[in-house]
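In what follows, a single structure is set out as structure tokens and then discussed.
The values are calculated or read from the model by the stated rules, or taken from the named source; none is laboratory data. On a predicted model such as this, the values are computed, not experimentally measured, just so you know. Every residue, glycine among them, receives a Cβ derived from its backbone with ideal geometry; neighbour counts consider all protein chains shown. The accessibility values were calculated without ligands, DNA or RNA, using every heavy atom of the protein model including side chains. Shrake-Rupley method; radii C 1.70, N 1.55, O 1.52, S 1.80 Å.
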Amino acid sequence: MIDLDNRSLFLAICVVPFSLTVCMLFFMGSRKTYPGFLNWTISLFIFSIGMLLVALRTTIPDAVSVIAGNALLYIALVFAYSGFLAFAGKKINFSAHFIWIICAIVIHSLLTYILNIVVLRTALISIFISAYYGFSTRILLTDIKTLLKRTHILLVATTSLISVFFGFLAVFYIFTYIGSYDLLIPASLMQNIAPLFIIFAMIILVTSLIHLNYQRLELDFFNSYKALEKAKENAESATQAKSEFLANMSHEIRTPMNGVIGMLDLLMETPLQAEQKDFARSAQQSADSLLVLINDILDFSKMEARMLEIESINFNLSVTMDSVCDIFAAKAYEKGIEFACLIQPNVPENLIGDPGRLRQVLTNLLGNAIKFVEKGEILIKVSRRLESEQKVELLFEIRDTGIGIPEEKTAELFNSFSQVDASTTRKYGGTGLGLAISKQIVQLMEGEIGVYSQVNKGSTFWFSALFNKQKIKNQSLVLEKNINGTHVLIVDDNRMNHDVFSAYLKAMGCRIGNAFNGPQAIEMLRNNSKIKPYKIALIDMKTPQINGERLGQMIKQDKTISNTILVMLSSIGQRGDSARVKAAGFTGFLSKPIKKKQLYDCLRAAISISENNLPLNTHFVTRYSLKEAQIEASPIQKKNTEKQCILLVEDNRMNQKVATKILEKMNYEVILANNGQEAVDLYKTNHQSIEAILMDIQMPVMGGEDATREIRKLEKNTPIHIPIIALTANAMAGDREQFLNAGMDDYIAKPLKKDMLIKVFADLSIPA
């Protein structure tokens, strides 16, 4: 038999738990641990100290080595057991356990100092170890198993083995004492096996405890993942509920707004006294402002729900810019503000993107510019940033000479409900949502937005947007011989207008001269009369020193320059202006902002009038005469003498009344249907006379989408395709695709307006 050194084994028992204590402390510092892990660490440390005292028995008094050492071993057992309870979420009654420890210490003292029976002392500590690890096994098999939803087999096996081994050890030493003989194995061998078992069992025990902690981490991660999945499902449900709420709210708000705005539009077209017209106009402006506010709030709600989406459709940039400029130019000129728009010649115009959202951003920025500029000018400039074969990034700049913004406040501008200060809201109004919505839209268009500003000097709001290019090439102006190379003099005191008109005219192939007042213009015309005379003079009505009308008269009275063709440009056109400037010798009259195509057509028409010696009393160029000429030239747009028939499908009486009046004023005959089923029945009997169908979406009996599908089925038996236009109070993402999939050709969001109908009818070539 190998003679092992017992003292060395006991010292090894001290070193191993101490080393394991350090490992567990390191683990606690680097990983998340659960209640009980600290108790196990303390238990190991106390156990190592207790075993050290026991190992030093012959070198220190028995009171320290035996009594104190074994007392520490009992305390270590209690801490180990308390760790299992804490891990399971339970508490230990330390008072009751320490009473047992005191009783054990008393018995130990008796066995040490009076009876001096070593084997019984060993049997006593073995009983305690067996009992506490038996209790721990029970906790593992009940509470901890329930907590983790599985059994940690290795840990249960280890604690059970420790409990059984020390139970056997207790019985072994009791039999050794009573019978004075060995039980199964010699006592000397047992003295060597026990320390080795303890070392092995402690290493496996600590490894299992660490793995138990990992199992708890894994369970928590799984539970967190399930909670996250549940939260995701709840969020999706909430988003869907919010989407439905927004759709319903949009419908409920826009339906009465349709009645209010529609009736006010109709009222404004009736004969009214001056006071009545003022009241109606004020109500109309308030209703329009309320609609803008509603749209902002709905857009902000969609933005919060991440439902704001971008369409991808073909559009022409010039047409989009013109539609925006037409609205804001009138507002600018009412305040006496110069307004101009410049699209650089190298900017592609036929794009694929969302013109509606682009208009929304421009409207928000231009609305702010108009609001905060008291005098001066506003310029919209569109330039090209980057371009590839398929895509182009455009830069939009809105420059104004308004009140400006302090540099430290610019960062807050694009936050929700944010303005520079509270007085801004009181003085100028607004929700502070416009810029936040614009930022979100610009980001969806893969661009960025910002501002440069100086207080009392003005601001430049800018944003970029990425568009796909249409496969067709840009339709550039076809420069006729009578305009390419034409020498044109621009007479205007505003440098911004010179820049815009110069860019337009250069793109047309014209040669340009610039004069900033009347005397300078006359001098330049005279100096060039014999060498390279100016063929056309574009004259601003409000030129300094000599106004435009008087300047035109002076030019026509001077024989050396009287052949110059004169075109008046005005920011403040009033009724009767055309007649006066015509009498002064002008060939044309245009209101700013002047569009590139409009200026081109004006110059070409003015030159034709001059070269053919046509009388000005019957041939005078205005934007209306140019539009009429285009209508006459287009066979699609010729007016029919007979009234065209429109089928209106609408269940709301007020909406029926508004739409009917608008259509009748547009010279259409209206057939009414109160629901989708009536519309299908009327189509069967009147399809040959119906030019178009205006279809409400939400109706009783049969909704608009179902009715459209039924009509398209019936249409397969006829050679005629009737345009169906959705009328909807909903304004949610995906509506357009949904309506088109149902078989509709386009849609109009309520409240219904005449100009919206005209635009959609024109797009679908519906005859008037």
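Some values worked out for this structure:
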{"item": "Mean Cβ neighbour count within 10 Å, used as a protection proxy, ranking 381-388, 321-328 highest first", "result": "321-328, 381-388"}
{"item": "Solvent-free Debye scattering, log10 I(q)/I(0), computed from the Cα coordinates of region 323-420 at q = 0.18 Å⁻¹", "result": "-0.97"}
{"item": "Efficiency of FRET from Cβ geometry, residue 63 and residue 203, R₀ 25 Å, rounded to 0.05", "result": "0.20"}
{"item": "Separation in nanometres of the label points that stand 7 Å from Cα toward Cβ, at residue 532 and residue 224", "result": "7.6"}
{"item": "Candidate lysines - alpha carbon under 26 Å from residue 713, same-chain residues fewer than 8 apart omitted", "result": "684"}
{"item": "Given charges at Cβ of Lys, Arg, Asp, Glu: region 1-150 dipole, positive-most of 140, 100, 82", "result": "140"}
{"item": "Residue 335 paired with residue 409, simple spin-label distance in nm, labels 7 Å along Cα-to-beta-carbon", "result": "1.5"}
{"item": "Net length gained if the chain between residue 106 and residue 583 were fully extended (0.36 nm per residue, minus Cα distance)", "result": "158.8 nm"}
{"item": "Cα gyration tensor shape of region 89-189, rounded if a/c is under 1.5, else prolate or oblate by comparing a/b with b/c", "result": "oblate"}
{"item": "Kirkwood Rh and Cα Rg combined as Rg/Rh, region 1-72", "result": "1.10"}
{"item": "Rounded percent of accessible protein surface that carbon and sulfur make up, region 655-709, 1.4 Å probe", "result": "45"}
{"item": "Among the listed pairs 335/754; 371/592; 596/759, those beyond 23 Å (Cα-Cα)", "result": "335/754"}
{"item": "Cross-link table 439/750; 32/145; 542/595, entries beyond 23 Å C-alpha to C-alpha", "result": "439/750"}
{"item": "Nearest-0.05 FRET efficiency for residue 326 and residue 560, computed from C-beta distance (R0 41 Å)", "result": "0.55"}
{"item": "At R0 = 35 Å, FRET efficiency that the Cβ-Cβ distance of residue 688 and residue 389 yields, to 0.05", "result": "0.15"}
{"item": "Prolate/oblate/rounded call for region 660-765, Cα gyration tensor, a/c under 1.5 rounded", "result": "rounded"}
{"item": "Among 269-277, 97-105, the order from most to least packed when residues are scored by Cβ within 10 Å on average", "result": "97-105, 269-277"}
